[in-house]
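What follows is one structure encoded as structure tokens, with my remarks underneath.
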Amino acid sequence: MKCEKCGYEDIRGSKINRFYWGIALRHISDHTGHSPNELHEAFKAKFLHQEDLTILGEKVATTRKLSAKEFKDYVRKVEQFANQELGIYLPAHE
């Protein structure tokens, strides 16, 4: 989605982003006791390449540069992990 006034483009899609942060991570957090931020860091390390971004000389993974399709695929991996490994079923989205 691109703003015609300022040119800002939300390449991930705000709907899937809201689902990821507002529903998926919170639901998993409620069941595991880990904060949404802790889970986000763990899932990035598990499912993304570490060479995506360099911060203070360290290669780290980031979701910021993912396309809408890549981010949906990432969220799908998080959902599958929650379901298969943790026995957590997330509400439907999209």
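The values are calculated or read from the model by the stated rules, or taken from the named source; none is laboratory data. Note that the coordinates shown come from a computational prediction; the quantities given were computed from them, not determined experimentally. Cβ placement follows ideal geometry from the backbone for every residue including glycine, while neighbour counts extend to all protein chains displayed.
Details
- Residues located in the stretch 43-79, provided they are more than 13 Å from the chain's Cα centre (by Cα) and polar (S, T, N, Q): Gln50, Thr54
- Some residue of the stretch 44-51 being surrounded by 11 or more Cβ atoms within 10 Å (Cβ to Cβ), in contact with a helix residue (DSSP H, G or I) (Cβ under 7 Å, 6 or more places away or on another chain), at pLDDT 90 or above and under 16 Å from His27 (Cβ atoms): no
- Qualifying residue in the stretch 73-94 (condition: at positive phi and in contact with a helix residue (DSSP H, G or I) (Cβ under 8 Å, 6 or more places away or on another chain)): yes
- Lone unmet requirement of (1) surrounded by fewer than 16 Cβ atoms within 10 Å (Cβ to Cβ); (2) part of a loop (DSSP other than H, G, I, E, B); (3) modelled with pLDDT of 90 or more for Lys65: (3)
- Among the candidates Leu66, Leu56, the residue that is closer than 20 Å to His93 by Cβ and either in contact (Cβ under 8 Å) with a residue 40 or more places away in the chain or of a type outside the set (Ser, Thr, Tyr) (or both) is uniquely Leu66.
- Residue count, the stretch 11-41 (criterion: part of a loop (DSSP other than H, G, I, E, B) and surrounded by fewer than 16 Cβ atoms within 10 Å (Cβ to Cβ)): 4
- Residues that are among the hydrophobic types (A, V, I, L, M, F, W, C) and touching a Leu at 6+ places or on another chain (Cβ under 7 Å) were ranked within the stretch 11-44; the one that is farthest from Leu86 (Cα to Cα) is Ile23.
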